[in-house]
Amino acid sequence: MRTQTAILPGLALEELAAIPFIDVHTHLFMPSLGSLGLWGIDELLTYHYLEAELFRSHDITPEHYWKLSKREQADLIWRTLFVENAPVSESNRGVVAVLNAFGLPTDEPDLAEARAFFSAQEPRAHIRKVLQLAGLSEVVMTNDPLDPEEAPLWERGAEPDPQFHPVLRLDRILNKWAHHWQILASKGYAVDAAITARTASEVRRFLDEWCKRMAPVYMAVSLPDTFVFPEDGPRGKLLAEAVLPACREHGIALSLMIGVRYQVNPRLRLAGDAVGRADLRALEYLAVNYPENRFLVSVLSRENQHELCVYARKFRNLMPFGCWWFLNNPSIVEEITRERLEMLGTSFIPQHSDARVLEQVIYKWRNTRRTLAPILANSYRVLIEDGRPVTRADIQRDIQRLFRGNFERFAGIRAAS
Ligand code: FIX
Ligand code: ZN
């Protein structure tokens, strides 16, 4: 049935709400990795996005803040950003939306009621409830094979979960080889600081064994704004001689998240990273010279978005995804998504949550659905005005592709649903 333009925004919102999404990048953990997963009000409030904002609204020093207990930190952030100020920023509003989603008060002077609620939740049931509230069928994790807490859980055989897809995250190996090759050596891999052919093949063996152990849906690395490729250092050599070949052999994509200026203010710890515009010719070189590899790509700098769209028009082994980190604000998500629809049609992955705390998926996906509805409606309105009728089935098919099919097909996890 042909759709009238007037009802498009409502229809788009309805269909966005009706279709469960796949969240292609999070820092959440499946139940069997239990202790690693963050959830509850104290974790929501001490999220590094809010910590960065605390230090702008309170004169506590970071050094003093880190000496506080998690509970004291959460109390301070709640008082400073939610009681003494209106929580209008995107990350603050997020906490309000989560409390509201569970019917909890959002303007209390303290956190007693919220803490009582979250501590009464049974973790596994709570996880299912939260994913259902967020309209997600599955999330993709970020799993570090060199993390001293996480690695032993996988080596002991972590129970897989159909709603949680693993990813082999390689930042320590690719960005900090000088400080981490010793861990591989201690696990019996004949590697050393220099990237000799032997070291490269041993890293290959390490990746192969973790692919068997974890069955990752892709490998991933975040990269600085200064990233260049090819490059003669450990990162360039390990990418070319170990990671890219391993991805090809296991038939999985490599996710490149480019544009971080790491720890410009280390006193803020996780909140200490910033953004820089990257030279995306490294991406051009990878797409041209590694046509058998597939690259999921997210760029952190607003200024790099247009270039990424243009490169994706040139190379189908590039899949742009998400409005990452400092870009995950409705005004910027709108700008980036409109540009991508105009330049790529529906052949991209609009968003990921990057959730570090379980309940964050509730507000991050509510924001995305709320922001995307008028953008999609506008695309269909101008299409109708240009003379092509649009049906509800068209809208359902496009949303399915944007938030499920593109990832399923590109990651090769199953035929597009
Ligand atoms: O590298 C990443 O995966 C980033 O998303 C994180 O490191 C970052 O701290 C973050 O939480 C962004 O939202
Ligand atoms: Zn992330």
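Below, the figures for the structure above:
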| item | result |
| --- | --- |
| Region 108-267, dipole about Cα centre (Lys/Arg Cβ +1, Asp/Glu Cβ -1), debye to the nearest 20 | 300 |
| Inter-part distance where region 309-368 and region 1-78 are each reduced to a Cα centre, Å | 16 |
| Amide H contacts of Leu38 (H built 1.01 Å from N, under 5 Å, at least 5 apart or other chain) | Phe29, Leu358 |
| Bins of 5 Å, starting at 0 and running to the largest distance - Cα pair percent for region 260-348 | 3, 14, 23, 22, 18, 11, 7, 3, 0 |
| Under-5 Å amide H pairs with Val297, H placed in peptide plane, nonlocal only | Leu256, Met319, Phe321 |
| Ratio Rg/Rh, restricted to region 1-154 and using Cα atoms, in which Rh is the Kirkwood radius | 1.03 |
| Ranked by how many other beta carbons lie within 10 Å on average, peptides 254-263, 145-154, 48-57 from highest | 254-263, 48-57, 145-154 |
| Highest-first arrangement of 13-20, 131-138, where packing means the average Cβ count within 10 Å | 131-138, 13-20 |
| 222 nm mean residue ellipticity, helices alone, for the chain (DSSP H n ≥ 4; -39,500 (n - 2.57); rounded to 500) | -14000 deg cm²/dmol |
| Antiparallel bridges, percent of DSSP beta bridges restricted to the chain (to nearest 5) | 15 |
| Farthest toward positive dipole pole in the chain [+1 Lys/Arg, -1 Asp/Glu at C-beta], among Ala393, Ala74, Phe326 | Ala393 |
| Positive-end extreme of charge dipole, the chain - chosen from Phe315, Leu296, Gln263 (charges on Cβ) | Phe315 |
| Rounded to whole Hz, the Karplus (6.51, -1.76, 1.60) HN-Hα couplings of region 159-169, x for glycine and proline | 5, x, 9, x, 8, 10, 9, x, 9, 8, 8 |
| About the Cα centre, charge dipole magnitude for region 332-375 (Lys/Arg +1, Asp/Glu -1 at Cβ), debye | 200 |
| Heavy atoms of Cys211 accessible to a 1.4 Å probe, total area in Å² rounded to 10 | 10 |
| Share of alpha-carbon pairs per 10 Å distance bin for region 171-330, given as whole % | 10, 38, 35, 16, 1 |
| Percent accessible area from carbon and sulfur atoms, the chain, protein chains only, probe 1.4 Å | 52 |
| Convex hull volume per residue for the chain, taking Cα atoms only, in Å³ | 148 |
| Region 58-155 - charge dipole about Cα centre, Lys and Arg +1 at Cβ, Asp and Glu -1, debye rounded to 20 | 360 |
| Lysine pair number, Cα distance threshold 20 Å (strictly under), the chain, separation 8 or more or different chains | 4 |
| Accessible area of Leu270 in the full protein assembly, 1.4 Å probe (Å², nearest 10) | 90 |
| Residue order for Trp66, Trp39, Trp210 - accessible surface, 1.4 angstrom probe, largest first | Trp39, Trp66, Trp210 |
| Solvent exposure, largest accessible area first (probe 1.4 Å, DNA, RNA and ligands not counted), of Asp394, Asp59 | Asp59, Asp394 |
| Proportion of all alpha-carbon pairs of region 1-78 beyond 18 Å (%) | 62 |
| Accessible area (Å², 1.4 Å probe, nearest 10) - Thr26 | 0 |
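The values are calculated or read from the model by the stated rules, or taken from the named source; none is laboratory data. Worth saying up front: this structure is predicted, and the values here are computed from it rather than measured. With ideal geometry, Cβ positions are generated from the backbone for all residues, glycine too; neighbour counts draw on all protein chains shown. What goes into the accessible areas is simple: the full protein's heavy atoms, side chains included, and nothing from ligands, DNA or RNA. Shrake-Rupley method; radii C 1.70, N 1.55, O 1.52, S 1.80 Å.
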